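The values are calculated or read from the model by the stated rules, or taken from the named source; none is laboratory data. Quick caveat, the model's predicted, so the values are computed rather than measured. All Cβ positions, even for glycine, are placed from backbone atoms using ideal geometry, and neighbour counts span all protein chains on display. The accessibility values were calculated without ligands, DNA or RNA, using every heavy atom of the protein model including side chains. Shrake-Rupley method; radii C 1.70, N 1.55, O 1.52, S 1.80 Å.
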Number of protein chains: 4
Amino acid sequence: MLAALREEVLRANLALPAHGLVTLTWGNASGIDRDRGLVAIKPSGVAYESMTADDIVLVDLAGETAWGERRPSTDTPTHVALYRAFPGIGGIVHTHSTWATSWAQAQREIPLLGTTHADLCAESIPLARGLTADEVSGDYEGATGTVLIDALAGRDPLQMPCALVRGHGPFCWGTDPAAAVQCAVTLEEVARMAALTVLIEPGSGPLAAHVSAKHFERKHGPHAYYGQP
Amino acid sequence: MLAALREEVLRANLALPAHGLVTLTWGNASGIDRDRGLVAIKPSGVAYESMTADDIVLVDLAGETAWGERRPSTDTPTHVALYRAFPGIGGIVHTHSTWATSWAQAQREIPLLGTTHADLCAESIPLARGLTADEVSGDYEGATGTVLIDALAGRDPLQMPCALVRGHGPFCWGTDPAAAVQCAVTLEEVARMAALTVLIEPGSGPLAAHVSAKHFERKHGPHAYYGQP
Amino acid sequence: MLAALREEVLRANLALPAHGLVTLTWGNASGIDRDRGLVAIKPSGVAYESMTADDIVLVDLAGETAWGERRPSTDTPTHVALYRAFPGIGGIVHTHSTWATSWAQAQREIPLLGTTHADLCAESIPLARGLTADEVSGDYEGATGTVLIDALAGRDPLQMPCALVRGHGPFCWGTDPAAAVQCAVTLEEVARMAALTVLIEPGSGPLAAHVSAKHFERKHGPHAYYGQP
Amino acid sequence: MLAALREEVLRANLALPAHGLVTLTWGNASGIDRDRGLVAIKPSGVAYESMTADDIVLVDLAGETAWGERRPSTDTPTHVALYRAFPGIGGIVHTHSTWATSWAQAQREIPLLGTTHADLCAESIPLARGLTADEVSGDYEGATGTVLIDALAGRDPLQMPCALVRGHGPFCWGTDPAAAVQCAVTLEEVARMAALTVLIEPGSGPLAAHVSAKHFERKHGPHAYYGQP
């Protein structure tokens, strides 16, 4: 059932340790078949080395398992909340990658300090508000989706493809699972260079707005000219 | 004699350089057979590349060699002290891993700043008190075990699976040698992200208590739902 | 057409990920055939793993494609501006390498703090001025070349083989593409150690001038004695 | 001529990139045959990948080439000065390893902050005084040996097996080339953890003297009990 999607989601999951974004079994990637309304997602707490496409679980948009022997990732309710809220996205990645997570733990947005960041998105990386005690004791993982959606504040999720869960770590998304992985790789390097920039010069200010706008537009705008036609 | 345990302890020792936790011959892992009261432990100062299960030494709970040609790790008295004090543990790992050791050298507990830490344990990583001159000139390695036990302050060692020896480095433990290795890997990443969090925002405060409690419980509590059933 | 040059430029491009200087498809290397006035340069947004010499594009010194199926790097106008201004150079490398880019984002020159830097060049690594809104909305990449040329302030580009684009990252050059790669590798390590030096001792001052002059001269001056004759 | 020594010195040189201590062709290792008064040393500016034992040069204790086609390392006069002053040493390693060099650039001794350092030596890592303009314009590399010898201030070089050249980087030594490599590896990790300790807690003080003395003695003193008998 949806074997091609499960293979694609497997590859996205395996890309996470290959890019140095995960330790042990942390992190997870998913992808969606919009026609069927089914999400393929990593099983919970399974080692990446032995994972196969048969371990990838299919869940519906309520988070109920539709196919597979495994228990899906504990973060499944967050993924399905994002898929419900953002109809344009096709893949999601969550990691505890070192530098992006450190910004989340510092409870700070990642400021836009250079063109590498502007090549990803045109603003600071948003930081979600903290969850209340009620939200945590209720549907914790679903509420995590809610605060991520709130953090976007109505922005187009394909223009702002990631956000930080306060005290936890990043979620990234894109048109498909591979795009979400690419966002996670880029975000980690952006987070690392932002921290090192602050180390070198604590008062570092944002990149000039006309430069950041230009970089975002040359890669993503209607007149983008980066990459092959 | 206890060949399976020695193999298991060998694998745990070899996992330390594979995870980037040790330099040269530093660090050691052990495991215990509770029925026989024998501990299998790394030999002192032997290169990991050439180590075999026959190099692993068996000692009794007084630290006396019961089997093997090699001299056991100089840290053996610390290991046996922990096994005597914590009947529920089955494996111990000691490393000088970079980031956890830097917190030990800074003589600071590792504060609980994020969910990655809360997935490991629900409080700060304890820092043992310094050893007195008398303790150092007497049974130094045994006394190191004593201050680690004191640092737990009566906590369940399976709920608080590690502590820092002041000015020295971390000890980690678990139900078996592989669990102790997993703790050491997690602790190192937790220590690294805590230091980077402080670099980004020197005044970073602890994670909200309701979030840290939730994370610990979803992974370790009686109603844990992380991983496969 | 110019197959040997395209092979040389391919090798220089592949050296960038091999040396850990690039993430994903970022960065680019080029080389020039001065007799023909043609520059061989990396295609835009193509994965390094699958790149072949046939993907390398030839452009003239106005930046117009002279050979090849691919769209050349978006940074092509910067490369050709540098080749036009610096007749003695034969290769150029641009990266977003972590540490050099962090100095560019901190909007600071890299101070000359040690002999490793002096082995590369005898002064601070220059930081280009910011681009105006007009420059960005006009020929952005060409203007990037202009501010790099201005940053050299008339210095011999073979004596000062690199500079930082403010908020963006480093450009490096040399007598051929391999020399430009070697400069990029050295600059990254110089940038890293300069940041760590400032971390250890925030008030670190420059290396004594007689030491830095000596190191530069023993490697690059008319009486150089480093390397094989 | 002295083929075994040249092989040993080749292996020591190749260990430097294998341990991540060198970039490009930086760094060098040497060894001495005390009976013949000949030093085997790395050639200047040769790539590690293609180096063979036939590239290793033999020089006498005045630094004059006694055998080999290659020009010896530019740092040869420093090596021979150390061999002349320290009759008990048999191997020397010089690197620009990242963290030890950053302490040298910060112009600070590396303070003794933990037991990993005490396992190497019982005091701070000395920092040599700066070279005068006259020393630099005269026999620069020989004078570098002089300030290293001065930095030891009469200590036994086998008890204090390394020192930092101000603004430059570390020199390490030992009973043979492999021991000098081992010192260089340890020093780099000690330097890294010292910097991270200061990052975590800027006011970090030295390790208690009774602990550092104990660690040094259990590994190096007359009653050492670390390693195999």
Report task. As a check on your grasp of the helix formula, calculate [θ] at 222 nm for the protein assembly as shown: sum -39500 (n - 2.57) over DSSP H runs of n ≥ 4, divide by the residue count, round to the nearest 500. Result -> -12500 deg cm²/dmol
Requested in this report: Could you pull out every Cys in chain B that lacks a partner Cys with its beta carbon under 4.7 Å away?
Outcome: B:Cys121
Query raised in the report: Does the protein assembly as shown classify as rounded, prolate or oblate by the C-alpha gyration tensor (a ≥ b ≥ c root eigenvalues; a/c under 1.5 gives rounded; else a/b over b/c gives prolate, otherwise oblate)?
Result: oblate
Query raised in the report: Between C:Leu158 and the same site in the other copies, what are the distances in nm, shortest first, taking label points 7 Å from Cα along the C-beta direction?
Result: 5.1, 5.1, 7.2
Requested in this report: Specify the inter-centroid distance of the range A:84-110 and the range C:128-182, based on alpha-carbon positions, in whole Å.
Outcome: 34 Å
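Expressed as a whole percentage, what fraction of the accessible surface of the range C:75-187 belongs to carbon and sulfur atoms when a 1.4 Å probe is rolled over the protein heavy atoms?
After summing per-atom areas, the C and S share lands at 49 percent.
I'm a student and want to see the number: the projected area of the Cα convex hull of the range B:1-136, averaged over all directions, in nm².
Numbers: hull surface 37.5 nm².
Convex hull of Cα atoms, orientation-averaged projection: 9.4 nm².
Ordering C:Trp67, A:Trp26 by accessible area with a probe of 1.4 Å, largest first, what comes out?
From most exposed to least exposed: C:Trp67, A:Trp26.
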Query raised in the report: When the dipole is taken about the Cα centre of the range A:86-229, and only Lys, Arg (+1) and Asp, Glu (-1) are charged at their Cβ, what size is it in debye, to the nearest 20?
Result: 380 debye
Query - Built amide H within the under 5 Å cut-off of B:Gly174, gap 5+ - result: B:Gly90, B:Gly91, B:Ala180
Query raised in the report: Roughly how many Å is it from the Cα centre of the range B:1-79 to that of the range D:187-215, as a whole number?
Result: 27 Å
Query raised in the report: Can you pull the mean other chain C-beta count within 10 Å for peptide B:124-136?
Result: 2
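Going highest first, how would you order A:35-43, C:163-171 by mean Cβ packing within 10 Å?
The most tightly packed comes first, giving C:163-171, A:35-43.
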Report summary line: Expected integer from the mean partner chain Cβ neighbour count at 10 Å over B:186-195 is 4
Report summary line: The summed charge of the A:Pro229 Cβ neighbourhood (under 13 Å; Lys/Arg +1, Asp/Glu -1) stands at +1
Requested in this report: Name the most mobile residue of C:Ala29, C:Ala133, C:Ala106, meaning the one with the largest mean-square fluctuation, in a Gaussian network model of chain C with Cα contacts below 10 Å.
Outcome: C:Ala133
**Report entry** Peptide D:198-210, shielding by other chains (average Cβ, 10 Å cutoff)
**Finding:** 6
Report task. Identify the residue of chain C whose Cβ lies closest to the rotation axis that maps chain C onto chain B, and give that distance in whole Å. Result -> C:Leu199, 4
Query raised in the report: Hey, for C:Arg36 with labels 7 Å out along Cα-Cβ, what do the inter-copy distances come to in nm, ordered shortest first?
Result: 5.2, 5.2, 7.4
Report task. State to the nearest 20 debye the size of the charge dipole of the protein assembly as shown about its Cα centre, where the only charges are +1 on K and R beta carbons and -1 on D and E beta carbons. Result -> 720 debye
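Roughly how much accessible area, to the nearest 100 Å², goes out of reach of solvent when A and C pair up, both sides summed, probe 1.4 Å?
2900 Å²
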Query - Cα-Cα over 32 Å, subset of C:Lys214/D:Lys42; A:Lys42/A:Lys214; B:Lys219/D:Lys219; D:Lys42/D:Lys214 - result: A:Lys42/A:Lys214; B:Lys219/D:Lys219; D:Lys42/D:Lys214
Requested in this report: Taking only protein heavy atoms into account and a 1.4 Å probe, give the accessible area per residue of the protein assembly as shown in Å².
Outcome: 35 Å²
**Report entry** Label point distance in nm, D:Ala3-B:Thr65, each placed 7 Å from Cα along Cα→Cβ
**Finding:** 3.9 nm
Report summary line: Taking R0 as 30 Å and r as the Cβ-Cβ distance between D:Ala85 and D:Asp134, the FRET efficiency 1/(1 + (r/R0)^6), rounded to the nearest 0.05, comes to 0.90
Report task. Once the label point is placed 7 Å from Cα along Cβ, list for D:Ala66 the distances to the corresponding points in the other copies, in nm, shortest first. Result -> 5.6, 5.6, 8.0
Report summary line: Projected onto the charge dipole of the range A:54-126 (unit charges on the beta-carbon of Lys, Arg, Asp and Glu, signs +1, +1, -1, -1), the Cα from A:Ala100, A:Ile56, A:His79 with the largest positive-side position is that of A:Ala100
